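The structure appears right after this line, and notes come after that.
Please treat every number below as a calculation from the coordinates, not as lab data. Only a predicted model underlies this, so the values are computations on that prediction, with no experimental measurement involved. We place every Cβ from the backbone using ideal geometry, glycine too, and count neighbours over all the protein chains shown.
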Amino acid sequence: MRTIQTCFFKNVTALPGYKLKVEMGTGTLIDFDFNTRLRSVRFGTLKNEAVFNSVYTDGDFIIFQKDGADKVKISADDFMDLVLVDRTGEYPTKDWRE
């Protein structure tokens, strides 16, 4: 009999400095720094520390929800994209002529 993974996220915890500790369904732990994403339209709501600290998971999404603030939901696909691809434009530059 084949086992099918039923949740992508086991646990998520807000850490100081707008960081998340995410335990994936596989048991892998990911420490993720949200600082550079807070300037985006999608995640600007998370600048409010109370909203950021309200984080929880239902297994399929990372969810930030606090009374009076817009709910922010991040799917597993979106989270992996955040982890693997830096779309902030704030990556180190190198002069390749050196």
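Taking region 19-53 as the range and being under 15 Å from V83 (Cβ atoms) and aromatic (F, W, Y) as the test, the residues that pass are F32, F34, F43.
Output the residue which, of all residues in region 41-74 that are among the hydrophobic types (A, V, I, L, M, F, W, C) and over 14 Å from the mean Cα position of the chain (by Cα), is nearest to E23 (Cα to Cα).
A50
Within region 4-30, the set of residues being hydroxyl-bearing (S, T, Y) and in contact with a Leu (Cβ under 9 Å, 6 or more places away or on another chain) comprises T13, Y18. Within region 68-84, residues that are in contact (Cβ under 8 Å) with a residue 12 or more places away in the chain have Cβ atoms under 6 Å from residues that are in a loop (DSSP other than H, G, I, E, B) in these pairs: A76/F8, counting only partners at least 6 apart in sequence or on another chain.
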